[in-house]
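Q: Here it is, the structure in full.
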Amino acid sequence: MSKKVINQNTNYDLELINSIESKFVFNENPINRLKNINAITKEESIDKKKELTKLANEISSIEDCSLKNNSQQLVLGDGDINSSIMLIGEAPGIEEDKFGKTFMGEVGDLLKKMLNAINIKKENIYSTYAINFRPPEDRKPTAAEIKRYSLYLQKHISIINPKIIILMGSTAMEALTGLNNKISIERGKWKEIIIKNTSYNVIITFSPSYLLRIPENKKYSWEDLKKIKQKITDFI
C-alpha cells in the first residue's frame, strides 16, 4: 500500500498564539482527506442506509425511557455514511432535538472550526451521539442510560465501519470504552476497541459544548486535533 505524499512543512507558527488566546487556527479552504482506500460500491451504500433505517426504528421502539419521552425526536446521525471517520458526541441539545441534526448552533459552529483546523469538512465525516435523544434540561445521562444506549451505539459503529472514531465528551467516552475517569486524564490518547471482531482506532477529546463553557481548554483540544490529523495522514 502506498502512502500519500504530504507536505512536511505544515505551518503551526500560530500554535502558541492559539494556546494563549484559546482560539483554533483554521484554513480558509478545507480539503477532504477522508476518501476510503477501497471504493464503496453503490450496493454497499444502499445496505448501510437500510441498516441505519432499521437501527433508527429499533431505537425509536425503546420503551420506558425518560430520554425518549421528554424529547421531540430521535437524532440518529448525519454526514457521509461512507466516511472513514466517525465522530461521536454526547447527546443532542435543544437545537439538535428541534431539527433532528447533529451539532447545531454555536456548538456546531465551533465544531466546524475545529475540523477546519485539520482540513476536514463536517459534511465529509459521519456524526452521531452516544445518546440519541435529548436529556431533560440537557442533564448528563445516567450510567444506566449510557449503558442502555451503548448497545445501539455499537451497532451504529458496525454499520458505518469507520477507520477512526473521535469521542467528544465524557458520555461518549463512557458509552464506548466503559471509562468513567475525568476526561482530562483520558483525552489525547489513541486506544483500540473491538466490536464484533473488528478493531477501531479511538481517540477521546473535549466536546464543543464543554469548550464553549471552558474556552481556556481549547489549547488541549488543539493538541488532540493535531494527533487526529497525523493519524489520518498515516492511516487513511
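Q: Inspect all residues belonging to the range 182-203 and state whether any of them is aromatic (Phe, Trp, Tyr), outside any strand (DSSP E or B) and surrounded by 13 or more Cβ atoms within 10 Å (Cβ to Cβ).
A: No, that holds for no residue.
Q: With (1) part of a loop (DSSP other than H, G, I, E, B); (2) of a type in the set (Lys, Arg); (3) closer than 20 Å to Ile204 by Cβ as the list, and Lys101 as the residue in question, which single condition is left unmet?
A: Lys101 satisfies every listed condition except (3).
Q: Here is a follow-up. What residue, of Lys218, Lys163, is within 25 Å of Leu52 (Cβ to Cβ) and touching a Ser or Thr at 6+ places or on another chain (Cβ under 6 Å)?
A: When all the criteria are applied, what remains is Lys163.
Q: Would you confirm whether or not the range 135-145 contains a residue that is β-branched (Val, Ile, Thr), outside any helix (DSSP H, G or I), under 19 Å from Gln73 (Cβ atoms) and without any contact (Cβ under 8 Å) to a residue 60 or more places away in the chain? Outline the logic, then answer.
A: Applying the first criterion (β-branched (Val, Ile, Thr)) to the range 135-145 yields 142.
From the residues that got through so far, the ones that are outside any helix (DSSP H, G or I) too are 142.
Then keep just the ones that are under 19 Å from Gln73 (Cβ atoms); that gives none.
No, every residue in the range 135-145 fails to be β-branched (Val, Ile, Thr), outside any helix (DSSP H, G or I), under 19 Å from Gln73 (Cβ atoms) and without any contact (Cβ under 8 Å) to a residue 60 or more places away in the chain.
Q: Quick one: would you say Trp190 is within 19 Å of Asn119 (Cβ to Cβ), aromatic (Phe, Trp, Tyr) and within 17 Å of the chain's Cα centre (by Cα)?
A: Considered against the rule, which asks whether it is within 19 Å of Asn119 (Cβ to Cβ), aromatic (Phe, Trp, Tyr) and within 17 Å of the chain's Cα centre (by Cα), Trp190 comes out as no.
Q: State which residue is nearest to Ile81 (Cα to Cα) when the search covers only the range 37-70 and only residues that are in a loop (DSSP other than H, G, I, E, B) and of a type in the set (D, E, K, R).
A: Glu63
Q: In the range 121-162, what residues are in contact with a Gly (Cβ under 9 Å, 6 or more places away or on another chain), small (Gly, Ala, Ser) and either more than 14 Å from Met173 (Cα to Cα) or modelled with pLDDT under 95 (or both)?
A: If the condition is that a residue be in contact with a Gly (Cβ under 9 Å, 6 or more places away or on another chain), small (Gly, Ala, Ser) and either more than 14 Å from Met173 (Cα to Cα) or modelled with pLDDT under 95 (or both), then Ser127 is the only one that fits.
Q: Do the conditions hold for Ala117, that is, is it surrounded by 17 or more Cβ atoms within 10 Å (Cβ to Cβ), out of contact with any Leu (no Cβ under 7 Å at 6 or more places or on another chain), at pLDDT 95 or above and hydrophobic (A, V, I, L, M, F, W, C)?
A: For Ala117, the condition - surrounded by 17 or more Cβ atoms within 10 Å (Cβ to Cβ), out of contact with any Leu (no Cβ under 7 Å at 6 or more places or on another chain), at pLDDT 95 or above and hydrophobic (A, V, I, L, M, F, W, C) - is not met.
Q: Shifting gears a bit: Could you tell me whether Ile160 is closer than 26 Å to Cys65 by Cα, over 12 Å from the mean Cα position of the chain (by Cα), crowded, with 16+ Cβ neighbours inside 10 Å and not hydroxyl-bearing (Ser, Thr, Tyr)?
A: So Ile160 fits the description; yes.
Q: Collect the residues in the range 110-131 that are farther than 29 Å from Thr142 by Cβ and either in a loop (DSSP other than H, G, I, E, B) or free of Cβ contacts under 8 Å to residues at least 12 places away in the same chain (or both), keeping them in residue-number order.
A: Of everything in the range 110-131, those that are farther than 29 Å from Thr142 by Cβ and either in a loop (DSSP other than H, G, I, E, B) or free of Cβ contacts under 8 Å to residues at least 12 places away in the same chain (or both) turn out to be Lys112, Ala117, Ile118, Asn119, Ile120, Lys121.
The values are calculated or read from the model by the stated rules, or taken from the named source; none is laboratory data. This is a predicted model, so every value here is computed, not measured. As a convention, Cβ positions derive from the backbone with ideal geometry for all residues, glycine included, and neighbour counts pool all protein chains shown.
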